[in-house]
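Notes follow once the structure below has been shown.
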Amino acid sequence: MTRIVNFSAGPAALPEEVLARAGDEMLDWHGSGMCVMEMSHRGKEFIAIAAEAERDLRELLAIPANYKVLFLQGGATLQFAQVPMNLLAGRGKADYVLTGEWSKKAAKEAAAFCDVGTAATSEDRKFCCAPAQGEWRVRGDAAYVHYCSNETIGGVEFHWVPETGTVPLVADASSHMLSRPVEVSRFGLIYAGAQKNLGPAGLTIVIVREDLIGKAAKGTPTVMDYKLQSDADSMLNTPPTYSIYVAGLVFKWLKGIGGLAEMERRNAAKAKLLYDCLDASAFYANPVEKRDRSRMNVPFTLADAKLDDPFLKGAAERGMVQLKGHRSVGGMRASIYNAMPLEGVQRLVDYLKEFEKRHG
Ligand SMILES: *Cc1c(COP(=O)(O)O)cnc(C)c1O
């Protein structure tokens, strides 16, 4: 068996140990005689699996007791609508920080529900940075302020948590959740689609402060009401059972390697290896301000776009795939989430040097 080095932005690589364990447990989970996919979500086996996943996630992120953890569906994209439906609480306005494609999409979706203000934007700088705290203008009567804490396409990451006073802070953390420790109490709500850094597609995790829920807009579908989902332990209807199980295995894997502090150390080392290589060369370029560069998603361009296809072909020949940049920006993008080992990044760096020598 040969596993390729997968730089996909999502669905993305999963830790090999997690996949192997899921394989071992495929036909018979813990003597139950069933695959997890075949279990009733109301049965004691699956209820135990879901409860343990939540416990481990709470432990990893040290989630305070006054926060609810929800296992939902619909991806981060559904949260673009679900957040305003639940958090506006009759207040008619919310502020958004624009730092790239995903935060723009979130703001656009919210505009169907309320008056959307721009608290800060880096659009005038081609989304190459995270607007500094001093640039943020949050309306005091906004129901919440939303930002994307890691822009997956542009490769811009907030390495700090914004201060928004009494206005709850909402983060789309889809592409860097669990890549580092985070102080949950600074947020009103954090959400993430699982398929980047947490597990398989089909699961969306929402962490929300309990006083913010229970005020959903009239007409909100029951499965989209955070309070109703919370009261039902995210099992108002059939949850994405297998995705929850695999995410639970990922949480165990993270605990096993030493938790999020160790994960952050590894992610920082991988990112440094790759950015140092790009910066040492005039052949490759990354457009993001150094201090705001993402540790997870590293977009870069070659000196001549005509070399893109030969670059990708050579990478594939060396067992490295999914390096093509997002269709909206072109160039290359290496996504180096938690499951990407240092050796994978080293292989890319070796190839970057080799390719430059031949074509630079
Ligand atoms: C991938 C992604 C999304 C969209 O996720 P879906 O699960 O496809 O809806 C939203 N925000 C960010 C930051 C993402 O990386």
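Per residue of the chain, what 222 nm ellipticity follows from adding -39500 (n - 2.57) for every DSSP H run with n ≥ 4, rounded to the nearest 500?
Calculated mean residue ellipticity at 222 nm is -11000 deg cm²/dmol.
For Met1, Met263, what's the largest-to-smallest order of accessible area, 1.4 Å probe?
Met1, Met263
Sort out the exposed loop GluC sites (Glu not before Pro) in the chain (DSSP loop, at most 11 other Cβ within 10 Å) and tell me the longest stretch that has none.
Longest run free of exposed loop sites: 184-360.
Express in whole angstrom the spacing between the alpha-carbon centres of segment 118-144 and segment 31-100.
Value for the Cα centre distance between the two parts: 27 Å.
On a straight-distance basis, which aspartates and glutamates could pair with Lys215 in a cross-link, Cα separation under 20 angstrom, same-chain partners fewer than 8 positions away excluded?
Within reach: Asp95, Glu109, Asp115, Asp141, Asp225, Asp231, Asp233.
Solvent-accessible area per residue for segment 273-356 at a 1.4 Å probe radius, Å²?
It amounts to 46 Å² per residue over segment 273-356.
Assuming a viscosity of 0.692 mPa s and a temperature of 37 °C, what translational diffusion coefficient in µm² per second does Stokes-Einstein assign to segment 185-335, Rh being the Kirkwood radius over Cα pairs?
174
Looking at the square roots a ≥ b ≥ c of the eigenvalues of the Cα gyration tensor of segment 281-328, which shape do they give, rounded for a/c under 1.5, prolate if a/b is larger than b/c, or oblate?
prolate
Using only the Cα atoms of the chain, each taken as one equal point scatterer with no solvent, compute I(q) by the Debye sum, divide by I(0), and report log10 of the ratio at q = 0.15 Å⁻¹.
Those come out to -1.31, one per q.
Under the rule a/c < 1.5 gives rounded, and otherwise a/b versus b/c splits prolate from oblate, where does segment 47-130 land using the Cα gyration tensor?
prolate
Suppose R0 equals 25 Å; then what is the FRET efficiency for Met37 and Ile257 from their Cβ-Cβ distance, rounded to the nearest 0.05?
The computed FRET efficiency comes out at 0.40.
Over segment 17-256, what percent of the accessible surface lies on carbon and sulfur atoms, probe 1.4 Å?
Answer for segment 17-256: carbon and sulfur cover 55 percent of the accessible area.
With the dipole of segment 242-306 worked out from charges on the C-beta (+1 for Lys and Arg, -1 for Asp and Glu) around the Cα centre, which of Gly258, Ala268, Ala303 lies farthest toward the positive end?
Gly258
Going through segment 261-334, which trypsin sites (Lys or Arg not before Pro) have at most 12 other Cβ atoms within 10 Å and a DSSP loop state?
Counting only loop positions with at most 12 other Cβ atoms within 10 Å, the trypsin sites (Lys or Arg not before Pro) in segment 261-334 are Arg327.
Rank these residues by their accessible area, most exposed first, probe 1.4 Å: His30, His41.
Solvent-accessible surface, decreasing: His30, His41.
At 1.4 Å probe radius, can you tell me the per residue accessible area of segment 17-256 in Å²?
With the other protein chains kept in place, segment 17-256 gives 40 Å² per residue.
Could you name the aspartates and glutamates whose alpha carbon sits less than 13 Å from that of Lys290, not counting residues in the same chain fewer than 8 places away?
Glu157, Asp276, Asp279
Where does segment 244-287 land on the Kirkwood hydrodynamic radius, alpha-carbon pairs, in angstrom?
One decimal place: 12.4 Å for the Kirkwood radius.
Greater than 27 Å separation of Cα atoms is the criterion. Which listed pairs, Lys105/Lys196; Lys255/Lys324; Lys108/Lys196; Lys108/Lys272, meet it?
Lys255/Lys324; Lys108/Lys272
Using the 2.2 N^0.38 Å rule of thumb for compact globular proteins, work out how segment 147-253 stacks up: its C-alpha Rg over that value, please.
Taking the Cα Rg and dividing by 2.2 N^0.38 Å, one obtains 1.13.
Would you please classify the overall shape of segment 101-167 from the alpha carbon gyration tensor, given that a ≥ b ≥ c denote the square roots of the eigenvalues, rounded means a/c under 1.5, and beyond that prolate means a/b larger than b/c while oblate covers the rest? Intermediate values should be presented prior to the final figure.
On the way: a/c = 1.82, a/b = 1.21, b/c = 1.50.
Because a/c hits 1.5 or more and a/b fails to exceed b/c, segment 101-167 counts as oblate.
Per residue, how much space in cubic angstrom lies within the convex hull of the C-alpha atoms of segment 41-80? Could the numbers behind the result be given before it?
Numbers: hull volume 3.8 nm³, N = 40.
Measuring per residue, one finds 96 Å³ for the Cα hull of segment 41-80.
In a GNM of the chain with a 10 Å cut-off on Cα contacts, which of Arg209, Arg180, Arg91 has the highest mean-square fluctuation?
Sorting by GNM fluctuation, first place goes to Arg91.
The values are calculated or read from the model by the stated rules, or taken from the named source; none is laboratory data. What you see is a predicted model; the values in this text were computed from it and never measured. Quick reminder, even Gly has a Cβ in these numbers, built from the backbone with ideal geometry, and neighbours come from all protein chains shown. In case anyone asks, the SASA skips ligands and DNA or RNA and just uses the protein heavy atoms, side chains included. Shrake-Rupley method; radii C 1.70, N 1.55, O 1.52, S 1.80 Å.
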